[in-house]
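Working notes for the structure below.
The values are calculated or read from the model by the stated rules, or taken from the named source; none is laboratory data. As the structure is a computational prediction, the values presented were derived from the model and not from experiment. Virtual Cβ from ideal backbone geometry, glycine too; neighbours counted across all protein chains shown. With ligands, DNA and RNA removed, areas are computed over all heavy atoms of the protein, side chains included. Shrake-Rupley method; radii C 1.70, N 1.55, O 1.52, S 1.80 Å.
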Amino acid sequence: MTKLIDFDQRFHQYLHRWMEQNAARYPKVEDMEAQMPQVYLDFVNQRADWLEGRSPGEYFAAINDPEQAVALLREYQRQGVPIPDLLLERLVDLGPASVPPLMALVRDQDAPEDLRAAALNLLIELGSDAPMADCLALVDAREEDDDLADVAAELLQALGPKPVPQMLKRLPGASPSALATYLDLLCNFPGDERIYEYTMGEFLKRPAQRAMFASFLGKLGDQRAIEPLRQAMSMDDINYLDYLEIANAIEMLGGEAGNRDRDFSGDPYYESLRQL
């Protein structure tokens, strides 16, 4: 097994030496913190004995095969060594050639989820639409708390309106978690009646998530939502946080939310604010 270089550890050693040498020059912590970007840049470009005279930047610039870079990415993960930012940056620098090996990693269900999520994030940076179908499948199968599906949703959002037709097709059979994710994305693209109908339907059916669906309706911009939102504000069982979110949605839609001074005595969040 090849021993990987822990670049994070090497940087922390470099940083510790720099701080010792410059303590008198930067007596204030905030002044020293302001130098961190330059210190890191110096580290990247400084040749080191532990790299046989190369700098960290030169070390990664020598990797020209994205397959090799992704294999190295997997090996860092496998050995539990922090993945160097410079390796991730190199995969982006290699451009479209990085897409196929990154896609293979995304589709590898035996790979750790955080590694697959890292590959998706790199594909976002590359501006690739290659994983659109994979991202839709990840959202379809999402759990309530699902980091990988969250990253997949970010990639779908980065693609703009392109995935909208596919997301609309999935609404009828979507699980509650997938449906919420799709509606969050679709409410950025008004124009299809189904978006309003599904979002309003979920707002009315899922009282525990009123605030979330109210925020979706606010950004959708359909003023038909104002009156149902107002009615929800007057319900006896509404909590203070939901009340505020619904009021904000109404105002986003150009409506008047009315009285924001309703008494919520006993509501934990309301009481905490009163004590400030």
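Would you say P96 is touching a residue at least 40 places away in the same chain (Cβ under 8 Å) and closer than 30 Å to G57 by Cβ? So P96 fails the test. A single member of A119, A153, A133 is at pLDDT 95 or above, farther than 30 Å from V44 by Cα and within 14 Å of the chain's Cα centre (by Cα), and it is A153. Within region 193-214, the set of residues being more than 18 Å from A174 (Cβ to Cβ) and crowded, with 18+ Cβ neighbours inside 10 Å comprises R210, A211, A214. Here L94, L115, L105 are screened, and the one residue that is farther than 19 Å from L155 by Cα and open to solvent by less than 50 Å² (accessible area, probe 1.4 Å) is L94.
Screening M235 on (1) more than 19 Å from M167 (Cα to Cα); (2) hydrophobic (A, V, I, L, M, F, W, C); (3) part of a helix (DSSP H, G or I) shows it passes everything except condition (3). Do the conditions hold for L183, that is, is it out of contact with any strand residue (DSSP E or B) (no Cβ under 7 Å at 6 or more places or on another chain), surrounded by 14 or more Cβ atoms within 10 Å (Cβ to Cβ) and more than 27 Å from E125 (Cα to Cα)? Against the criterion (out of contact with any strand residue (DSSP E or B) (no Cβ under 7 Å at 6 or more places or on another chain), surrounded by 14 or more Cβ atoms within 10 Å (Cβ to Cβ) and more than 27 Å from E125 (Cα to Cα)), L183 does not qualify.
For region 58-68, the count of residues that are in contact with a helix residue (DSSP H, G or I) (Cβ under 6 Å, 6 or more places away or on another chain), surrounded by 10 or more Cβ atoms within 10 Å (Cβ to Cβ) and polar (S, T, N, Q) is zero.
Residue-wise test of (1) in contact with a Pro (Cβ under 9 Å, 6 or more places away or on another chain); (2) closer than 30 Å to A133 by Cβ; (3) of a type in the set (F, W, Y).
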residue: R170; (1), (2), (3): no, yes, no
residue: L183; (1), (2), (3): no, yes, no
residue: L204; (1), (2), (3): yes, no, no
residue: L220; (1), (2), (3): yes, yes, no
residue: N248; (1), (2), (3): no, no, no
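All of (1) over 24 Å from the mean Cα position of the chain (by Cα); (2) of a type in the set (F, W, Y); (3) within 28 Å of R142 (Cα to Cα) hold for Y240 with one exception: (3). So for region 18-39 (the condition being assigned to a helix (DSSP H, G or I) and touching a residue at least 40 places away in the same chain (Cβ under 8 Å)), does at least one residue qualify? No, the conditions are met nowhere in region 18-39. Among the residues in region 14-34, are any at pLDDT 95 or above, under 25 Å from V92 (Cα atoms) and open to solvent by 50 Å² or more (accessible area, probe 1.4 Å)? Checking region 14-34: not a single residue is at pLDDT 95 or above, under 25 Å from V92 (Cα atoms) and open to solvent by 50 Å² or more (accessible area, probe 1.4 Å). Scanning region 250-276 for residues that are in a helix (DSSP H, G or I), open to solvent by 60 Å² or more (accessible area, probe 1.4 Å) and at pLDDT 85 or above turns up E251, M252, P268.
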